[in-house]
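What follows draws every value from the coordinates through simple rules; no lab data is involved. Here the structure is a predicted model, which means the values were calculated and not measured. Please note: Cβ atoms are built from the backbone with ideal geometry, for glycine as well, and neighbour counts cover all protein chains shown.
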Amino acid sequence: MHELIEAAVKARDNAYAPYSKFKVGAAVIGVDGKIFSGCNIENASYGLTNCAERTAIFKAVSEGITEIKAIAIIADTVNPTAPCGACRQVIAEFGIDEIILCNIKGEHKIVSLDELLPFSFKKNDLNGDDII
Ligand code: THU
């Protein structure tokens, strides 16, 4: 766990956040133990911003790693940093069940996917009878 948080801390240094100035780092670990990290990447067209969590997850997936054990997220927040709604949905897509919320004060809290996003919409929901 320490290694994953360290990777998120390091990635946070690369945050590209000239607009919000809010730097976020994240790191994921695959079932094979490989770590991928990411930072938030903002854009002058604000809505195109990519959060740190999604950067890290997309890096893993684009390298062929879809079985992800855990994710760590860190920012300078009063309480350990919780992912935004869009990132929760992406975390749910890959069934990441250990979500380590951290802040730069050194606090952390571990939550499950169900705590983070109850009643989530997942791939099995696309197989329902209502699909025409
Ligand atoms: N941000 C993240 O990277 N992750 C989150 O879960 C919440 C928000 C980023 C997006 C934007 O660059 C900045 O934080 C302020 O919202």
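Here are the numbers for the structure shown:
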{"read-out": "Whichever aspartates and glutamates have a C-alpha closer than 15 Å to that of K105, once near sequence neighbours (fewer than 8 apart) are set aside", "value": "E6, D76"}
{"read-out": "Separation of the K34 and N79 label points, Cα + 7 Å toward Cβ, nm", "value": "3.6 nm"}
{"read-out": "Stretch in the chain that is longest and holds no trypsin sites (Lys or Arg not before Pro) that DSSP places in a loop and that have at most 15 other beta carbons within 10 Å", "value": "35-104"}
{"read-out": "In sequence order, calculated HN-Hα J values of region 14-20 (Karplus, 6.51, -1.76, 1.60; Hz; x Gly/Pro)", "value": "8, 3, 9, 9, x, 8, 7"}
{"read-out": "Diffusion constant of the chain at 4 °C, which comes from Stokes-Einstein with the Kirkwood Cα-pair radius and 1.567 mPa s, µm²/s", "value": "87 µm²/s"}
{"read-out": "Value of [θ]222 nm, deg cm²/dmol, for the chain, DSSP H segments ≥ 4, -39500 (n - 2.57) each, nearest 500", "value": "-7500 deg cm²/dmol"}
{"read-out": "Average Cα contact separation per residue, the chain, under 8 Å, 6 or more apart, as relative contact order %", "value": "19 percent"}
{"read-out": "Cross-link partners of K59 among aspartates and glutamates (Cα-Cα below 16 Å; sequence separation of 8 or more within a chain)", "value": "D32, E67, E93"}
{"read-out": "Rounded to 5, the percent of DSSP beta bridges in the chain classed as antiparallel", "value": "70 percent"}
{"read-out": "Span from the region 71-132 Cα centroid across to the region 37-53 one, whole angstrom", "value": "17 Å"}
{"read-out": "D125, D76 arranged by Cβ crowding within 10 Å, fewest neighbours leading", "value": "D125, D76"}
{"read-out": "Choice from A56, A82, A17 with maximal GNM fluctuation in the chain (Cα, 10 Å cutoff)", "value": "A17"}
{"read-out": "Burial ordering of S45, S20, S37, fewest other beta-carbon atoms within 10 Å first", "value": "S45, S20, S37"}
{"read-out": "Residue with peak Gaussian network fluctuation, the chain [Cα springs, cutoff 10 Å], from L116, L48, L101", "value": "L48"}
{"read-out": "Top of I74, I91, I104 by mean-square fluctuation, Gaussian network on the chain, Cα under 10 Å", "value": "I104"}
